[in-house]
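Asker: Please see the structure below; I have some questions.
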Amino acid sequence: MSKQIAEFIADRKATFIKARTKTVEDLAEQEKLNQEANDRFSPANWFPDAARRASQLSMVSHPGKFSHPSAKTSSIIADCEFSYDGYLRTGNLSYALDVFGNAAAMDVYKFLCLQMDDGRTVLEHIETDSEAIKSVLTIPTASYEDIKQGLLSIKQSDNSIKTDRLVKQVFFPVGDAYHLLSILTPSGLLSVLKNRVDTIRFSDATKEAKEARKKNEHHATGYDDLFDLTVTAYGGTQPQNVSVLNSQNAGRAYLLASAPPSLMKRDIRLPTKDFFRNSLRPFLFKEHFLALHELMKSEINNRIIRDQISQRISRIIDRVLQQVFKVRSFEIGWSNSNYYQSLPLSQRIWLDDFHLSSRESVADWIDDIARNFSRWILQTYEATLKETRIDLSDDELTHIRHFVEAAITKDKEFFQ
């Protein structure tokens, strides 16, 4: 018999004697109790008894009792394949099966979970008919096959499809009808999650790092933490009525924060085809174009009016450049994405600091930007004023372009 199995049976025997010693009054009764324990926990008696009681337990991957301890559903062991789909789900995470059933038979489950010398559990040895387990379970009072089948009944397949009104359910549309789905809990996944979260938050390394922070001392690695955790409780004061894993976790499980991300509202849109059409909202410039129009329709034509017109045009240009700086504040290289490949190269140089070297050394892009910039000012003026607008000539376009080129050149020199 392996050391692990011998120690397990010896521990069960000691627990049995200790629980009854308090009621023993004399030495004769103590000897009788010891003899009873020796008989009960001898391999010839305990293995057949364990095989018989194993049928009182069911190994499952998704117990129904997490919804309610009184729920009775089919015993399900989900056999899901691993896939690189990025989801935390059954099949993508390896974890132990859970057990529920008669609490008095839980020692059988603990026996099956014992790790033998090679690191494999007793159950794994039984499933593969290893020579090591055969030598242990070969006894005179029962055949190996009988003991094996009895112990494996804990994983007996349940071909029934049975749910319970106490289990959470949802109607799922399939074609023109609905399937009623019973929502079961992957208790092993919950257990692994709890263990990992506890390791992150309460491991010795984390405690050491937190203590260093408390003392305002340097720590080489620091520590991680998880916020906005929700702790759920299953089974109340009797978590063992739900499942073994639930009992081992004292009925506690974690729920990670699943609130939608907090997104900052953009006040500028990244251009996909043309900055002037995609990123500039004409209504933001309406006040400036109305003021420009009032100056342009004035019957007075002196230097003061002309200077005010130039100042108003400069303000419009500055307002556009503010939008340019907002686009540049996005992550460098944003225009390299396939989504923005329809944006002209000149605008990518102008708007994305990934092309800063080209912006400084190449001048061709300035002509293209200045031409489109000036045309946008005229078109926006015409769209804003509509019937009351004043038709502008090529001279006005040239005058506006002069201001635009000066502003763009000044911006280019600023980054050199």
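Asker: Using R₀ = 35 Å, calculate the FRET efficiency as 1/(1 + (r/R₀)^6) where r is the Cβ-Cβ separation of Ala212 and Thr409; round to 0.05.
Answerer: Working from the Cβ atoms, E equals 0.05.
Asker: Could you calculate the contour length gain from Glu29 to Ile161, that is, 0.36 nm times the residue separation minus the distance between their Cα atoms, to one decimal place in nm?
Answerer: Working it through step by step, the gained length comes to 42.4 nm.
Asker: Another question about this same structure. What residues from segment 100-121 fall in the zone where the backbone N is under 19 Å from a label point 7 Å along the Cα-to-C-beta line of Lys72?
Answerer: Inside the label zone: 100-105.
Asker: Between rounded, prolate and oblate, where does segment 207-362 land on the alpha carbon gyration tensor, with a ≥ b ≥ c its root eigenvalues, rounded for a/c under 1.5, else prolate if a/b exceeds b/c?
Answerer: prolate
Asker: A further question follows. Report Rg(Cα)/(2.2 N^0.38 Å) for segment 283-355, keeping two decimals.
Answerer: Rounded to two decimals, the normalised Rg is 1.54.
Asker: Related question: Pairs Lys18/Lys194; Lys286/Lys410; Lys148/Lys194; Lys13/Lys72; Lys3/Lys155: which exceed 27 Å Cα-Cα?
Answerer: Lys18/Lys194; Lys148/Lys194; Lys13/Lys72
Asker: Which shape class, rounded, prolate or oblate, goes with segment 42-255 when its Cα gyration tensor gives a ≥ b ≥ c as root eigenvalues, a/c under 1.5 marks rounded, and past that a/b bigger than b/c marks prolate?
Answerer: Oblate, since a/c reaches 1.5 and b/c is not below a/b.
Asker: Need one number: nm distance between label points at Arg303 and Ile200, each 7 Å from Cα along Cα→Cβ, rounded to one decimal.
Answerer: About 7.0 nm separates the two model spin labels.
Asker: Still on this structure, I have one more. Quote the charge dipole size of the chain about the Cα centre in Debye, to the nearest 20; the model charges only the Cβ of Lys and Arg (+1) and of Asp and Glu (-1).
Answerer: So the dipole magnitude of the chain works out to roughly 1160 debye.
Asker: Could you tell me how many degrees, from 0 to 90 and to the nearest 10, lie between the Cα long axis of helix 27-40 and the main elongation axis, the longest principal axis, of the Cα atoms of the chain?
Answerer: 60 degrees
Asker: Let me ask something else. Quote to one decimal, in nm, the extra length available between His399 and Leu114 on full extension: 0.36 nm per residue of separation minus the C-alpha distance between them.
Answerer: 93.7 nm
Asker: On to the next question. For segment 1-109, compute Rh as the Kirkwood radius over C-alpha pairs and then the Stokes-Einstein diffusion coefficient at 25 °C and 0.890 mPa s; write the answer in µm²/s, rounded to an integer.
Answerer: In µm²/s, the coefficient is 142.
Asker: State whether segment 56-109 is rounded, prolate or oblate according to the following rule on the C-alpha gyration tensor (a ≥ b ≥ c being the square roots of its eigenvalues): a/c under 1.5 gives rounded; otherwise a/b larger than b/c gives prolate, and the remaining case gives oblate.
Answerer: prolate
Asker: Along the three principal axes, how long is segment 275-414 when you take its alpha carbons, biggest first, rounded to the nearest angstrom?
Answerer: Computed over the Cα atoms, the extents are 50, 27, 23 Å.
Asker: What FRET efficiency comes out for Arg389 versus Leu263 if R0 is 41 angstrom and r is the Cβ-Cβ distance? Round to the nearest 0.05.
Answerer: E between Arg389 and Leu263, to the nearest 0.05, is 0.55.
Asker: Let me ask something additional. Kirkwood hydrodynamic radius (Cα pairs, Å) of the chain?
Answerer: Across the chain, the inverse of the average 1/r is 29.8 Å.
Asker: Ok, one more. Hey, with R₀ at 60 Å, roughly what FRET efficiency would Glu145 and Ser337 work out to, going by the Cβ-Cβ distance, to 0.05?
Answerer: Plugging the Cβ-Cβ distance into 1/(1 + (r/R0)^6) gives 0.40.
Asker: What is the extension gain from Tyr178 to Glu81, computed as 0.36 nm multiplied by their sequence separation minus the C-alpha to C-alpha distance, in nm to one decimal?
Answerer: 32.3 nm
Asker: For Lys265, which lysines qualify as cross-link partners when the Cα separation must be under 21 Å and same-chain residues fewer than eight apart are set aside?
Answerer: Candidates past the 8-residue exclusion: Lys326.
Asker: What is the fewest-to-most order of Arg328, Arg281 by other Cβ atoms lying within 10 Å of their Cβ?
Answerer: Neighbour counts put them in this order, fewest first: Arg281, Arg328.
Every number in this text was worked out from the coordinates using simple rules, so none of it is lab data. Since the model is a prediction, treat every value here as computed from it, not as a measurement. In this analysis, Cβ positions are derived from the backbone assuming ideal geometry, glycine residues included, and neighbour counts consider all displayed protein chains.
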